[in-house]
Amino acid sequence: MKLPRSRMSLRDLASEAVAGIMQRPARSALTAVGTVLGVGALIAVTGLTSTAASQIDARFSELTATEVTVDDIAPDVPGQAGPAFPSDADAQVQRLHGVTAAGVSWHVRLQPGQDIASGPPGAIYTTSDRQAQLTAASAGALRAAGPTLQQGRSYDEFHDQHREHVAVLGAATAARLGITDLRNQPAVFIGSSPFAVIGILADVQRRPDLLSSVIVPRTTAEELWGPPTDDRAKMLITTQLGAAAQIAAEAPVALRPDHPDYLRATPPPDPRSLRSGVENDLGQLFLLLAAVCLVIGAVGIANTTLVAVLERSGEIGLRRALGARARHITTQFLAESMALGLLGGLVGASLGTVTIVAVAAAKQWTPVLHPATIATAPLLGLATGLLAGAYPAWRASRIQPAEALRR
Amino acid sequence: MSAPPVIELRQAGLTYPGPPEVAALRPCDLTVQRGEYITIVGPSGAGKSTFLNIIGLLDQPTSGSYLLDGIDTAAVTDAERTALRGMRIGFVFQSFHLLSHRTARENVELAMVYQRTPRGTRKQRAEQALRRVGLGHRLDALPTRLSGGERQRVAIARALAAEPSLLLCDEPTGNLDSQTAASVLDLLDGLHHDGMTVVVITHDLEVARRGQRTITIRDGEVLA
């Protein structure tokens with residue numbers, strides 16, 4: 001004879017579990033607090049770390065992600081002599097799509113006895129500036145540095161092409177040379193050559209060395225002091241956002257179609273690798289703390305469920321008498337602890353998200369959190385509940401109905 | 001062919017393996033026919049509970065056999081025995097064992113949860129059972145709002161809800177005053193008149209007198 005077995009529908013299991021939790025709502029809420037804190041902390045840490053990391057990135061990116069430098073490595077190539085940059089380097093590179101400014105520059109080494117001074121050699125009232133560097137820069141290079149002018153103007157392609165004796169001074173150099181006002185048309189003397197000072201730099205976005213330099217057009221420098229020697233020429237290219245890697249690949253070919261190997265372009269670092277590094281550094285400790293919270297939450301659930309099992313042994317006996325199998329008891333208690341864990345996970349995920357948004361708002365950051373993180377959080381709570389409920393549920397299933405019913 | 005007896009014990013006994021070995025119930029024979037009202041009496045520790053556990057399928061005899069509705073309970077799996085218990089035996093306990101946070105109706109419905117009875121049927125049968133025990137007006141009351149007698153009636157309704165073959169009552173009036181006890185016993189009488197097989201275990205001779213037949217247990221021995 002085939003006898004039917006006791007069965008329980010999922011819906012009944014769910015409603016029995018909810019009823020079990022609602023028997024003592026305050027205690028259930030307190031039990032869930034551990035999971036709330038654990039999951040909340042986990043979400044907050046993950047979110048804040050990624051949020052903070054993206055802000056650091058943004059600061060990095062603004063300058064570095066749009067900057068490409070091209071170095072002259074021609075002298076390292078056997079059999080090659082002379083600088084690799086062609087005279088029309090600026091124009092060649094500026095033609096590339098995505099380039100906002102580009103130009104060649106180098107430091108000019110002055111002969112001994114040649115000074116940078118406010119007057120001609122031998123004049124009585126001159127101030128010389130031995131700390132100042134002389135930089136030859138094409139008009140494009142000066143533009144690529146992103147200058148902010150304190151006074152006057154910077155030179156342009158006209159000055160560059162016509163070998164004009166003009167100079168732009170860094171603010172520090174100008175101060176040291178006693179040049180404070182351009183209205184009286186001051187000049188600097190480099191060796192014995194006078195240069196009209198047409199602008200003073202207040203600040204630059206790139207190449208901070210320019211602030212302590214006297215900057216003269218490239219062609220003028222070449223005419224007076226020859227091509228770059230020990231200090232090799234470099235090209236600074238600024239690009240539109242996202243174009244840098246492409247430009248870095250194209251620039252050597254554009255500059256020297258015959259010998260792109262004479263030039264080495266350096267693209268900005270990949271922001272993605274930068275970000276993961278930052279996240280790892282910042283997040284690990286906090287993630288550990290969050291995990292500890294979660295473990296404490298799990299222990300809380302385990303403890304409360306165990307107490308509940310002992311307390312409800314009469315109920316367990318009754319259910320067994322009414323036809324519940326041991327596995328029905330196990331699943332019911334597991335379902336209760338899982339529901340508590342899930343609930344804790346949901347509330348924790350919400351609180352964590354609110355924390356991220358609040359901190360981001362206070363710091364005027366853009367909150368960054370991967371949607372998958374929020375989606376996993378309740379599951380994490382559920383898993384915590386499952387783990388925490390395993391032992392108490394097993395204990396519950398071992399309760400002998402005959403004994404439990406006599407109490 | 002006539003219906004098999006509800007309870008048939010054949011040299012059924014229970015000995016707890018020692019050491020020392022304890023014979024909680026010596027091998028005994030007992031047959032309870034459908035519709036009978038049996039009371040089982042005996043002092044505390046005589047073996048009444050062991051007897052109840054065996055009849056209620058909460059424990060298994062270590063010797064002999066027990067047939068419930070003609071089914072050899074030793075020959076079925078544990079899961080089937082559990083289902084048998086749920087469907088064919090209605091328990092009534094001294095301490096009621098009601099879930100205090102559920103209404104009377106929900107408590108009665110619980111008897112049908114593990115049979116996977118559809119919700120609608122469950123509700124209907126629970127109401128029916130509660131009306132049968134005279135609690136049609138307290139369907140949604142919580143046990144804490146009910147008197148002792150009413151609580152035991154809810155428990156009886158729960159035992160009846162699954163339409164069992166046997167109503168097994170363990171000291172059903174043990175927690176009740178004499179007047180309430182009498183009304184609960186009247187209810188059991190009524191159920192018996194309607195054809196229910198009733199077994200009541202008690203140490204109260206007043207209660208025992210209600211049955212058609214009284215069986216005494218003393219020192220683990222069943223005396224007819």
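With the simple model of a label 7 Å out from the Cα in the direction of the Cβ, B:S95 to B:R131 spans 3.4 nm. Computed over region B:89-148, the range of Cα coordinates on each principal axis works out to 30, 23, 21 Å, biggest value leading. For chain A, set up a GNM with springs between Cα atoms under 10 Å and report which of A:Q185, A:Q161, A:Q332 has the largest fluctuation. Greatest mean-square fluctuation among the candidates belongs to A:Q185.
Stretched out straight at 0.36 nm per residue, the stretch from A:H370 to A:Q131 would grow longer than its current Cα-Cα span by 80.9 nm. Once you reduce region A:310-380 and region B:54-113 to the center of their Cα atoms, the two points are 34 Å from each other. Relative to the Cα centre, the charge distribution of region A:214-358, modelled as +1 at Lys and Arg Cβ and -1 at Asp and Glu Cβ, gives a dipole magnitude of about 1000 debye. Helix A:244-255 and the long axis of chain A differ in direction by around 30°, with both axes built from C-alpha atoms.
In chain B, the longest principal axis of the Cα atoms and the axis of helix B:148-161 are about 70 degrees apart. Measure off, as a whole percent, the carbon and sulfur share of the 1.4 Å-probe accessible area of the protein assembly as shown, all protein chains present. Summing carbon and sulfur atoms, their accessible area is 55 percent of the total for the protein assembly as shown. Here the extension length gained between A:D203 and A:A29 equals 56.7 nm, from 0.36 nm per residue of separation less the Cα-Cα distance. Per-residue ellipticity at 222 nm computed for chain B from its helices equals -10500 deg cm²/dmol, with DSSP H segments shorter than 4 residues left out and the rest contributing -39,500 (n - 2.57). Candidates B:V154, B:I55, B:T197 compared by Cα position along the dipole of chain B: farthest toward the positive end lies B:V154, with charges placed on Cβ. The DSSP beta bridges internal to the protein assembly as shown are antiparallel in roughly 65% of cases. With contributions of -39500 (n - 2.57) from each DSSP H run of at least four residues, the per-residue ellipticity at 222 nm computed over chain A stands at -18000 deg cm²/dmol. Using the 1.4 Å probe convention, the accessible area of region B:81-224 works out to 41 Å² per residue with neighbouring protein chains retained. Cα centroid distance between region B:158-224 and region A:234-263, in Å? The distance from the Cα centre of region B:158-224 to that of region A:234-263 comes to 100 Å. With respect to chain A, whose longest principal axis is taken over its alpha-carbon atoms, helix A:371-398 is tilted by about 30°. Residues within the reach of a label modelled at A:E157 (point 7 angstrom out along Cα to beta-carbon, backbone nitrogen below 19 Å), restricted to region A:103-123, are A:103-105. Each label point was placed 7 Å from the Cα along the Cα-to-Cβ direction; for A:A249 and A:T266 their separation is 2.1 nm. Normalised radius of gyration (Cα atoms, divided by 2.2 N^0.38 Å) for chain A: 1.70. Taking the DSSP bridge list for chain B and keeping only pairs wholly inside it, about 50 percent are antiparallel. For the options B:T202, B:T15, B:T73, a Gaussian network treatment of chain B with springs between C-alpha atoms closer than 10 Å singles out B:T15 as fluctuating the most. Remark: spin-label model distance A:V77-B:T121 equals 9.0 nm, labels positioned 7 Å along the Cα→Cβ axis. Computed over Cα pairs, the Kirkwood radius of region B:1-94 leads via Stokes-Einstein (0.692 mPa s, 37 °C) to a diffusion coefficient of 234 µm² per second.
Computed over chain A with a Gaussian network model linking Cα atoms closer than 10 Å, the most mobile of A:G348, A:G191, A:G40 is A:G191.
Here region A:7-28 and region A:69-127 have alpha carbon centers that stand 80 Å from each other.
The values are calculated or read from the model by the stated rules, or taken from the named source; none is laboratory data. The shown structure was predicted, so the numbers you read here are calculated from the model rather than taken from an experiment. Every residue, glycine among them, receives a Cβ derived from its backbone with ideal geometry; neighbour counts consider all protein chains shown. For accessibility, only protein heavy atoms count, side chains too; no ligands or nucleic acids. Shrake-Rupley method; radii C 1.70, N 1.55, O 1.52, S 1.80 Å.
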